[in-house]
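The values are calculated or read from the model by the stated rules, or taken from the named source; none is laboratory data. Keep in mind that this is a model prediction, so the values were computed, not measured. Cβ coordinates were reconstructed from backbone atoms using ideal geometry, including for glycine residues, and neighbour counts include every protein chain displayed. Please note that ligands, DNA and RNA were not included when accessible areas were found on the heavy atoms of the full protein model with its side chains. Shrake-Rupley method; radii C 1.70, N 1.55, O 1.52, S 1.80 Å.
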Amino acid sequence: MEAVQKRIRTDGTSLMVRGFGYTFIGLFAICCLVPFLVVLGTSFTNEASIAKNGFNIWPREFTTFAYKIVFENPDLIIGSYFVTIGLTIVGTVVGLFLVAMTGYALQRPDFEQRNSISFFIYFTTLFSGGLVPFYLLIKQYLHLGDNYLAVLLPGLMSPFLIIMMKSFTKSIPHAITESAKIDGAGDFTIFMRLILPMTTPALATIGLFIALGYWNEWYNAMLFLSPDMKYRPLQLFLYNVITSADFIRNSSAASNVPLRDMPLESMKMATAVVATGPVILFYPFVQRYFIQGITVGAVKG
Amino acid sequence: MGNLKRVSAIVLMLVLVFSLAACGSNNNNKNAANADTSSDTSGNTSSNSDTSGNTNAASDSSVDTSEFETISYVVLGDKPKNGQLEKVMEKVNAIMKEKINAELEFKWVEWADWQTKYNLLLASGEPLDLITIGTDWLDTWGNAQRGAFLPLNDLLEKYAPQTWSEIPQEDWEQSKLKDDIILIPENHYTQWVNHGIYYRGDWAKEFGITEPIKDFDTLGKYFQGVKDKKPDAVPYDVNGGTSTFYNGFATTYTDNIELPISTGYANVFYAKSYDERYTVDSPIFNDDFISFAGLMKDWADKGYWREDVLNYKGDTRAALKAGLSGADSHHTQTYKGLRVEMDKQQPGSELQMFSYSDTRGNLISMPITHGGTSIGAHSKHPERALMAYELIRQDEEIYHLINYGLEGVQYEVKDGKRFRPAGYDEARDGFYTDFWGGRVDKFEIPSDTDWSGIGDVYAKYDQIKKPFPYGKFVFDKTTVDPEMTAISQVIGEQLPAILFGKAGDPAAAVNALRDKLKAAGYDKVKDEIQKQLDAYKTLVEG
């Protein structure tokens, strides 16, 4: 009798917790979703109507004018997409490989110079040369102006990611490496066949970092890829659309630029949609790995 | 454990040594750079005399153009991507090749983070030829002090003779850093950035305001009229980021004139008046500022602008065009285009401008070095670059091509005005070069997008204008940098609320602002500016 009651009681609380959890997370999800819907709605709204009624999920006066301006030259935006996607894929694959290999090598106890090399890598996080030396290095020593490599190379590895990778691979017992060695495997084989498969959660997390970095990259592109290049990363392209519209409206210097009707508010929203669109389409397919990566990573923590 | 301690001690020491070394080498670099530039300039002048000597020997006075050169010209703006630029440049370069055996190539610094990119280009020592400059918005003097530009003294007369003689000596004086001419000013182009409030002429008439608005009281009447009779419209829809009323107060209530010293949201430091232009003063410490703050509070209480004006981020100019705002503010250059647009979008609105200078004629010209062109210190062929510049500025055909594009495609001229040809499509046919480095009135063709009555406004200004007195004044803020930053911070935090009447009791708010400015180092900065102005006075007046 008592036991039954107890079970019912626990069921009651767990139901309550569950109910609370669902409402809370549901509300939270709505909080995340609504702004995006507002962005989407506003991007289709007439500029004058925005001025009158403010932002709305349902466009009161429907127009695609903002998209027309953003897509004024469709080949440019498509080209920008390909550049960004290309940079993201190549950068993520190569960057992951390099970060994983560095992280693994730096924690192997039988690698004698590991501390001094680690020191060189970490030391750069304390001091940086600053913008001008960086610019000179890329432009005048490496001659990478107007070259996609100028965007690709600086983003490949970062000390922070190497530290993450190093501490993760540290949790893999060195005995595995040693036993593989005894069986006659070379260092590279050990890394590719044994270590990499065991670090997938870390790879997923770090890969996401690198990929997001490349997807959102515009600063290096702004510095090193001049407008003479026809196709430049998407974010720079969109950033330019916004800033030039903004500047034309507010600038005293631009006094001889013919004033165009720029639907600035709706255009900002349209560029946001254009920039996030593919990520949203792509995300459901990788979410699986993403969740796994985070949880396992947390346990390792 | 002991081992760890030792290692960390060594690391710390290393860090110290490195940072010290870094500082030291920085200083060295600076010195070396300075030495470099000085030797550079002397080297340049000597090499200049060399080249002139050579050419003189070769063919008396004509210039050697046997080798084909590409001249780069750095401009600010986004490169047009519709292919029109290439078509126009083909025509330009055909003439360039024929006349000086060179071609011109524009290089663009886009609006995405242009400040960083522009200064990086100059700091990196890339071999640029021509480059757009602006002393008031592109830190030209600072860059010149860092040796970014080539001194042009000996080159101009020979390679750009028309420009050399066209620009009067006093304008060349304003283009000099110490004794070196480092830029060619855009001195023959009329533009006015005189600020003011735009209001609707049709509404003003409806409210019984028949004379043009010339002071804040009448403006208040106009706002009240909008409030009473136009329920859909905000009398003056504005963002808190606009500091126009500060400028308006200084110009209409005081004789103060602005010093070219930026303190963020609004400039704290003004000169006392045009006659006492070397005496530092500040509108904020003027007695009338409290009553002005009171007027602004009164207006805010009456609802002449939004309740959330300080945080509002909406597009207020779009609101004006949609008939939802009774007023807007910016300067005269913007007005001449906006007037035409308003006539189209709100027919009969007859947008008017109350220029702050209308009240008491307190108007200073723009610096002629607001726009201009310099030659990069590392240019490989400065002579040919100057010849190219001379062509842009003095050859009417090239001037029209570069500024307007192709006749029949980008524009047509009828009755002395530029029109868009029938079937013109901005996306397909749009063209511009963002050339602001030497426009001249003599070749300008008025556009139908400019209000035809703007000439009267210019004439009105011309009658009261006083020359810009600070053309060569370069404020060196190294000794007061922290104070300047603190002052900018205080201004950005306190002033917007006062200007839009949201700071509570006006007298208390203004006094609090003054106290905070004093605490931030107002007096120290004022003394420093005064010292430098005194030095500048002796420099200018001898």
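Residues in the range B:501-542 that are closer than 30 Å to B:K178 by Cα and in a helix (DSSP H, G or I): how many? Selection size over the range B:501-542: 20. Remark: pairs (first residue in the range B:277-301, without any contact (Cβ under 8 Å) to a residue 40 or more places away in the chain; second residue surrounded by fewer than 20 Cβ atoms within 10 Å (Cβ to Cβ) and basic (K, R); Cβ separation under 7 Å; 6+ apart in sequence or on different chains) = B:D281/B:K272. On inspection, B:W164 passes the criterion of being modelled with pLDDT of 95 or more, among the aromatic types (F, W, Y), open to solvent by 30 Å² or more (accessible area, probe 1.4 Å) and touching a helix residue (DSSP H, G or I) at 6+ places or on another chain (Cβ under 8 Å). Inspection of the range B:468-483 finds no residue satisfying the criterion of being touching a residue at least 40 places away in the same chain (Cβ under 8 Å) and closer than 30 Å to B:W305 by Cβ. Identify all residues within the range B:232-255 that are modelled with pLDDT of 90 or more, part of a loop (DSSP other than H, G, I, E, B) and open to solvent by 10 Å² or more (accessible area, probe 1.4 Å); write none if there are none. Correct list: B:D232, B:A233, B:D255.
Residues of the range A:101-156 that are closer than 30 Å to B:V109 by Cα and aromatic (F, W, Y): A:F127, A:F134, A:Y135, A:Y141, A:Y148.
Checking the stated criteria, B:E341 turns out to be within 14 Å of chain A (Cβ to nearest Cβ) and either part of a helix (DSSP H, G or I) or crowded, with 20+ Cβ neighbours inside 10 Å (or both).
Anything in the range B:406-428 that is on the phi > 0 side of the Ramachandran plot and either open to solvent by less than 40 Å² (accessible area, probe 1.4 Å) or within 11 Å of chain A (Cβ to nearest Cβ) (or both)? List them, or say none. Outline the logic, then answer.
Step one: list which residues in the range B:406-428 are on the phi > 0 side of the Ramachandran plot, which gives B:408, B:415-416, B:423.
Answer for the range B:406-428, where residues must be on the phi > 0 side of the Ramachandran plot and either open to solvent by less than 40 Å² (accessible area, probe 1.4 Å) or within 11 Å of chain A (Cβ to nearest Cβ) (or both): there is none.
Name every residue in the range B:143-161 that is open to solvent by less than 30 Å² (accessible area, probe 1.4 Å) and either within 17 Å of B:E390 (Cβ to Cβ) or without any contact (Cβ under 8 Å) to a residue 24 or more places away in the chain (or both), in order of residue number. Give the steps one after another, and end with the answer.
From the range B:143-161, those open to solvent by less than 30 Å² (accessible area, probe 1.4 Å) are B:143-144, B:147-152, B:155-156, B:159-160; that's our starting set.
Those that are open to solvent by less than 30 Å² (accessible area, probe 1.4 Å) and either within 17 Å of B:E390 (Cβ to Cβ) or without any contact (Cβ under 8 Å) to a residue 24 or more places away in the chain (or both): B:L150, B:L152, B:L155, B:L156, B:Y159, B:A160.
The single condition from (1) part of a strand (DSSP E or B); (2) open to solvent by 30 Å² or more (accessible area, probe 1.4 Å) that B:S329 fails is (2). The residue that is farthest from the chain's Cα centre (by Cα), counting only those in the range B:494-542 that are open to solvent by 90 Å² or more (accessible area, probe 1.4 Å) and closer than 19 Å to B:A293 by Cβ, is B:D505.
Any chance the range B:183-193 includes a residue that's within 30 Å of B:D298 (Cβ to Cβ) and touching a His at 6+ places or on another chain (Cβ under 8 Å)? Yes, there is a match, as at least one residue in the range B:183-193 is within 30 Å of B:D298 (Cβ to Cβ) and touching a His at 6+ places or on another chain (Cβ under 8 Å). Scanning the range A:132-143 for residues that are open to solvent by less than 60 Å² (accessible area, probe 1.4 Å) and under 14 Å from A:M222 (Cβ atoms) yields a count of 3. Among the residues making up the range B:65-77, those that are within 14 Å of another protein chain (Cβ to nearest Cβ) and buried (at least 19 other Cβ atoms within 10 Å of the Cβ) are B:S72, B:Y73, B:V74, B:V75, B:L76, B:G77.
Among the residues of the range B:256-268, those identified as open to solvent by less than 20 Å² (accessible area, probe 1.4 Å), over 20 Å from B:S291 (Cα atoms) and out of contact with any strand residue (DSSP E or B) (no Cβ under 6 Å at 6 or more places or on another chain) are B:I261, B:T263. Taken together, the residues in the range B:78-107 that are away from every other protein chain (no Cβ under 14 Å), in contact (Cβ under 8 Å) with a residue 24 or more places away in the chain and within 23 Å of B:P127 (Cα to Cα) amount to 8.
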